[in-house]
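The values are calculated or read from the model by the stated rules, or taken from the named source; none is laboratory data. Remember, predicted model here, so these are calculated numbers, not experimental data. Ideal geometry is used to build each Cβ from the backbone, glycine not excepted, and the neighbour counts take in all protein chains shown.
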Amino acid sequence: MSSEEISESSDKNEQHELVSRNKMNIYDPQYWITKLGSEESKVFEWIPRMPPVSRVSAYNTGIFSTKCSQKKRWWKQFAEESEWRDKGKFQSICRTLKGQIAGTETFSYFRSYFTFGERGSGVRARGEIQDFEKLRDKCLREGRLFEDPEFPATDISIFYSRTPPRPFEWKRPHELAEDPVLFHEGATRFDVVQGELGDCWLLAAVANLTLNQGLFYQVVPDDQSFSSDYAGIFHFRFWQYGRWIDVVIDDLLPTYRGRLVFMHSTEKNEFWSALLEKAYAKLHGSYEALKGGTTCEAMEDFTGGVTESFELKKAPPNMLKIMLKAYERWSLMGCSIEPNQQITEMELSNGLICGHAYSITAIRMVEVNTPRVNGKIPLLRIRNPWGNECEWKGPWSDRSPEWTMVSENERKELGLTFDHDGEFWMSFKDFLQNFTRLEICNLHPDSLTDDPLTKVSKKKWDTHVFEGGWVRGVSAGGCRNFLDTFWINPQYNITLEDVDDDDDDETCTMIVALMQKNRRCKKKMGLDCLTIGFSIYHLKNAESLPKPLAKDFFKYNASVAKSPSFINLREVNARFKLSPGTYCIIPSTFDPGEEGDFILRVFTEKENKMSEYDEKIELLKPDDEPKAPAKPKHSMSKLHVQVKESQEEKDKDSQIKDFFSRIAGEDLEIDCYELQEILNFALRKEFNFDGFSVDVCRSMIAMMDVDRSGKLGLEEFKNLWMDVRMWKNVFKNYDKDGSGFLNTMELRMALNSAGYRVNFHILRALVIRYGKNEKISFDDFIMCAVKLKTMIETFNEKDPRRLGKATFSLDEWVEKTMYT
C-alpha cells in the first residue's frame, strides 16, 4: 500500500474506499464525523472500522441527533470501555507556573495539545494566539497568503548573535519549484538533507521519525497541502515539557541564489522537512538556537518519550531483558556503530555501515531445533533506513543456513522475507559484538496512536509527570554538597509496591528523567543549560517523617541512588532497580541559588503512587505548632508567639482602644484609612518602617468584615489586633538583626510559627509577589499572613466537610476575590 493512500474494506469485503492522505484519512476524526453525518443509518456498520482514537473523538463532538439516542448510548459505552481510553490518556500532575495548568489534569489524545501562545501552553506569544484553522480560514476569505508576525521573514529569525554572512532572501515554495508538494511519494529518510546550520542532531531525529507513520503524522499533520485550501500557512506539533504545542508558520523560507539554505529534501519540489525545521526554529526563537544538541533531545520533542542511551561495550548484564521489556512497552529503539574518523558512513565487510543509524523493529525468542541444540534464542530484527541491499551478512542474515533450524510455522509467524529491503535478523550475541550504541525512546502513553508499534504486547509504562522550579531564596538549594540549603529543594515521594514481572531479584524498575525547561530559547540572552541532577533517598518510616524532609534527615541519611552525574544538558536520566518501598526524589542544580523551571518524569513497569512530598495547606492555631522529630534546629520547634497578657500589654491595649474610640467617632467603626492611622500609631515605635500601606489595611478589613460594610467595629478590631500582635511577635523572632526584613529562606518557618502550613507552590507565589532581593519587609509579611488567612477561611466556608474541594459560582468567585 502506498503512503499516499489508505485502503479500507467493508465488513463484507465488497468494496474498497481510498482516502487521499493529502486530504483526509481514517485517523482524522473529521473524516468520520463527515461520513457519519451523511450516513447516520450506517452507524453500526462503520463503528468497528473506526480507529478508537477517532471513535472517541467523534463521540465527544456530539454529532448524533436525538433520533439516535440508543446508538449514542451504545457508542458512548464502546468509547469509554475502549482500550485506547486507558492507553492514550496523558495524565499530568502539575502546578501553576507562569500561567500553566494547575492541579491534576487528564487529557485525551486529541485534547492534549495547545495552540502556540495559548494560556497553559507554556509558550509566550508576542501577539495573538495562533490557531491554524482560524488563521487559514481568515487568509482564504481575504484572498491573501499568511505572513507570520511571531516569526517574521527577517534576519532576526535566523541569527540572534550576528548578522548573516551573506544576504538571504525569503521565498515561498512556489517561487522555488513549479509544482511544490508537502510530500513526494511519502515521507522518507531521503527527504532530510542538512543545510548550512549545525543541527545534524535534529536531522537524525527527523530521519528516525519517518520510520513510524503514526508518530510522524502526529508531528506533521496531514490536513495541509499546497493544493487544497492553500494559504501559505502550515502547522506542526512538538512535545514541550508535558504538552503538545501546535506551532503555526508561514511558508517563507530562507534562500540564497534560489536555493534553500537550511534543511531540505533531495526532491526539489518537496518541502515538509524544510517547513518542519522552520517550525522547530520558531519554537526555540531562531534558526541559530538549533545549533548544538542531541538526537535524544529532538526524539523526545517528537514523541514525548524518555530516551536512554547505552554504550554496548559496557552493556549491563540484563541488557536483553531491558530491550525485551522496552519492546513490550512500545518503545522505539535505534542502534549505531561508532564512525570512522575519516569516513562518516563506511560499509564494513559484514554488510553493516559505520556512523549510520539503524532501527530495531522486533525482538523475538525463537525456537531452534537441531541434533545438538534445542531451545529458544533471542533474535533482533533490524532495519537499515536506506531500504536497500546493505544488510548484515553474518549468522541469521537473509538466506543464511541458520534458518533451517527454525520450523516453517515459526518462520511464517516472524513474517520472514529475504528481500533487498534493508531489513535483516541478527542474534543478540552478534548485536552486542557489532554495534556500539543503543538508544531506547520509552514512549509516554499520550504519544501512542491506535496503530500499535508492536502487536506482541499491550503493556505500557506507568508514568508520572511533575512540574517544578528552583527559585532563589525559596527552593534553589543546590546539591547535597550544600547541606544547609539542600533540604529546601522540591521533593517528590514515590511508593513502589509490586516488583517487576520475571524479576529474580524482587526489585522494581524505575526510570527517572529530569529536564530543565526553556533553556534553548534563552541562548540569545547568553544563558546556557544549568548543571542539574537528582538524588533518591529511601524513607524507612515515612509516616513519622516531616513534610518536606528537613536538614537533619539529610545530615544522617545517605542517598540510595542518584543521577550518573550533574551535567549541563537539557535532560539527565537514569534507570534504577530498587526494592519495594517508599522513596524521595530530590531534583536540584549543582550550585545553590540557580533559578530555573523543570519537569520531572518517572516511568515504572508497575503502577505506583507518587506525589509531591510537601505540607498540606491548612491554618492551625499558633499554639498547635507540632514538635516534629527531624525539624531543623534553626526552625525552633516551638516558638512562643502568642501574646502574653502582662500588665504592660494590658496598658498598651487600653491606649490603642482609647485611640480607636477617638478615631472611630460616634458610630464606633473605622475604614481602611482610619485603621492605617491606628496601626501605625501602635507599631511604629516598635519597628523602623514607613508604616502600613493602604492596601494592607484594606485587606485586613476584608479579612474581618463579616457584613461587607467596608468598616470594622470595636469587636472586629479587637480580634484583628490579636492577630496583628501575634504576627508581629513571629516577625521579631525571625528578624534577628532588627533590620525590619526577613530572609525569604525563613518565610516558611515564620509562617509555620504563625500557624500556617503552605507548600512550595504557595511559598513561591508569595515570594514572587511580596519578596524583593530575597527579603520580605514587615509590611509585606503582614500582607502574606492576611491574604493566606482570608483565602483559607473563604475556601473552608465552601468546604465544610474538609474534602479539599469547593465550588464557587462565577459571581461568588469574582466578588470574593475582588473584595479580598
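Residue check: is Phe146 part of a loop (DSSP other than H, G, I, E, B), assigned by TED's automatic domain parsing to the domain that holds Glu267 and modelled with pLDDT of 90 or more?
yes
What number goes with the only condition from (1) in contact with a Gly (Cβ under 9 Å, 6 or more places away or on another chain); (2) over 30 Å from Gly533 (Cα atoms); (3) at pLDDT 80 or above that Asp451 does not pass?
Condition not satisfied by Asp451: (3).
Results for (1) at pLDDT below 85; (2) part of a loop (DSSP other than H, G, I, E, B); (3) farther than 28 Å from Ser427 by Cα; (4) of a type in the set (Ser, Thr, Tyr), shown as yes or no for each residue.
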{"position": "Asp301", "(1), (2), (3), (4)": "no, no, yes, no"}
{"position": "Ser309", "(1), (2), (3), (4)": "no, no, no, yes"}
{"position": "Lys321", "(1), (2), (3), (4)": "no, no, no, no"}
{"position": "Glu338", "(1), (2), (3), (4)": "yes, yes, no, no"}
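Name the pairs whose Cβ atoms lie under 7 Å apart, with the first residue in the stretch 672-689 and in a helix (DSSP H, G or I) and surrounded by fewer than 19 Cβ atoms within 10 Å (Cβ to Cβ), the second β-branched (Val, Ile, Thr) and at pLDDT 85 or above, and 6 or more positions between them or separate chains?
Partner pairs satisfying both residue conditions: Tyr673/Val694.
Let's see how each residue does on (1) closer than 30 Å to Arg166 by Cβ; (2) touching a residue at least 24 places away in the same chain (Cβ under 8 Å); (3) in the same structural domain as Asn573 (by TED's automatic domain parsing):
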position: Leu260; (1), (2), (3): yes, yes, no
position: Met263; (1), (2), (3): yes, yes, no
position: Ser286; (1), (2), (3): yes, yes, no
position: Glu300; (1), (2), (3): no, yes, no
position: Lys313; (1), (2), (3): no, yes, no
position: Glu328; (1), (2), (3): no, yes, no
position: Glu338; (1), (2), (3): no, yes, no
position: Leu352; (1), (2), (3): no, yes, no
position: Asn374; (1), (2), (3): no, no, no
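Quick test for you: out of Val694, Val706, pick the one residue that is without any contact (Cβ under 8 Å) to a residue 60 or more places away in the chain, under 20 Å from Tyr819 (Cβ atoms), in contact with a Phe, Trp or Tyr (Cβ under 9 Å, 6 or more places away or on another chain) and surrounded by fewer than 20 Cβ atoms within 10 Å (Cβ to Cβ).
Selected residue: Val694, the only one of Val694, Val706 that is without any contact (Cβ under 8 Å) to a residue 60 or more places away in the chain, under 20 Å from Tyr819 (Cβ atoms), in contact with a Phe, Trp or Tyr (Cβ under 9 Å, 6 or more places away or on another chain) and surrounded by fewer than 20 Cβ atoms within 10 Å (Cβ to Cβ).
Any idea which residue in the stretch 283-299 is surrounded by the fewest Cβ atoms within 10 Å (Cβ to Cβ), counting only those that are modelled with pLDDT under 85, touching a helix residue (DSSP H, G or I) at 6+ places or on another chain (Cβ under 7 Å) and in a loop (DSSP other than H, G, I, E, B)?
Thr294
Conditions first: (1) farther than 24 Å from Lys547 by Cβ; (2) touching a residue at least 24 places away in the same chain (Cβ under 8 Å). Phe781 passes all but one, so which condition is the exception?
Unmet condition: (1).
When you scan the stretch 697-704, do you find a residue that is basic (Lys, Arg), within 45 Å of the chain's Cα centre (by Cα) and outside any loop (DSSP other than H, G, I, E, B), even just one?
yes
Is it the case that Arg243 is of a type in the set (D, E, K, R) and free of Cβ contacts under 8 Å to residues at least 24 places away in the same chain?
No; evaluated as a whole, the condition is false for this residue.
With the condition being over 30 Å from Gly593 (Cβ atoms) and assigned by TED's automatic domain parsing to the domain that holds Ser654, I'd like the helices (runs of 4 or more DSSP H) fully within the stretch 709-820 carrying at least 2 qualifying residues.
Filter on the stretch 709-820 gives 714-734, 778-797, 810-819.
Just checking, how many residues over the stretch 369-382 are more than 19 Å from Gln433 (Cβ to Cβ) and assigned to a strand (DSSP E or B)?
4
Considering only residues that are more than 20 Å from Met319 (Cβ to Cβ) and surrounded by fewer than 20 Cβ atoms within 10 Å (Cβ to Cβ), which ones fall in the stretch 494-505?
Thr495, Glu497, Asp498
If you scan the stretch 264-282, which residues turn out to be hydroxyl-bearing (Ser, Thr, Tyr) and outside any helix (DSSP H, G or I)?
Selection gives Ser265, Thr266.
Within the stretch 288-308, can you find the residues that are more than 18 Å from the chain's Cα centre (by Cα) and of a type in the set (Val, Ile, Thr)?
If the condition is that a residue be more than 18 Å from the chain's Cα centre (by Cα) and of a type in the set (Val, Ile, Thr), then Thr294, Thr295 are the ones that fit.
Does Arg126 qualify as being assigned to a loop (DSSP other than H, G, I, E, B), at pLDDT below 75, out of contact with any His (no Cβ under 6 Å at 6 or more places or on another chain) and over 27 Å from Thr295 (Cα atoms)?
Answer is yes for this residue.
Trp386: at pLDDT below 80 and in contact with a Gly (Cβ under 9 Å, 6 or more places away or on another chain), yes or no?
Yes; evaluated as a whole, the condition is true for this residue.
Among the numbered criteria (1) modelled with pLDDT under 90; (2) within 42 Å of the chain's Cα centre (by Cα), which one does Leu751 miss?
For Leu751, the failing item is (1).
Applying the selection to the stretch 395-432, what residues are in contact with a helix residue (DSSP H, G or I) (Cβ under 9 Å, 6 or more places away or on another chain) and part of a helix (DSSP H, G or I)?
Trp403, Arg411, Phe428, Phe431, Leu432
Return a yes/no flag: does the stretch 183-192 have any residue that is at pLDDT 85 or above, part of a strand (DSSP E or B), at negative phi and among the aromatic types (Phe, Trp, Tyr).
No, that holds for no residue.
Hey, Glu774 hits all of (1) touching a strand residue (DSSP E or B) at 6+ places or on another chain (Cβ under 9 Å); (2) closer than 30 Å to Glu666 by Cβ but one; which does it fall short on?
So the condition that Glu774 fails would be (2).
Any residue at all in the stretch 193-201 that's of a type in the set (Asp, Glu), within 27 Å of the chain's Cα centre (by Cα) and either on the phi > 0 side of the Ramachandran plot or at pLDDT 90 or above (or both)?
No: the stretch 193-201 contains no residue that is of a type in the set (Asp, Glu), within 27 Å of the chain's Cα centre (by Cα) and either on the phi > 0 side of the Ramachandran plot or at pLDDT 90 or above (or both).
Looking at Ala298, Ala289, Ala274, Ala281, which one is among the small types (Gly, Ala, Ser), in contact with a Gly (Cβ under 9 Å, 6 or more places away or on another chain) and under 20 Å from Leu203 (Cα atoms)?
Criteria check complete, one pass: Ala274.
Would you point out the residue of the stretch 597-613, among those that are in a strand (DSSP E or B) and touching a Cys at 6+ places or on another chain (Cβ under 9 Å), that is nearest to Arg519 (Cα to Cα)?
Ile599
Restricting attention to the stretch 182-205, does a residue exist that is under 30 Å from Val465 (Cα atoms) and among the basic types (Lys, Arg)?
no
For a quick check of your reading of the model, give me the residue pairs whose first member lies in the stretch 153-179 and is in contact (Cβ under 8 Å) with a residue 12 or more places away in the chain, whose second is charged (D, E, K, R), with beta-carbon atoms closer than 7 Å and at least 6 apart or on different chains.
Ile158/Glu288; Phe159/Glu288; Tyr160/Glu288; Tyr160/Lys524; Ser161/Glu288; Arg172/Asp251; Pro173/Asp251; Ala177/Lys268
So is Lys736 basic (Lys, Arg) and without any contact (Cβ under 8 Å) to a residue 12 or more places away in the chain or not?
Judged against the criteria, Lys736 is a match.
Of (1) crowded, with 18+ Cβ neighbours inside 10 Å; (2) more than 14 Å from Leu275 (Cβ to Cβ), Val220 satisfies all except one. Which?
So Val220 meets the others, but not (2).
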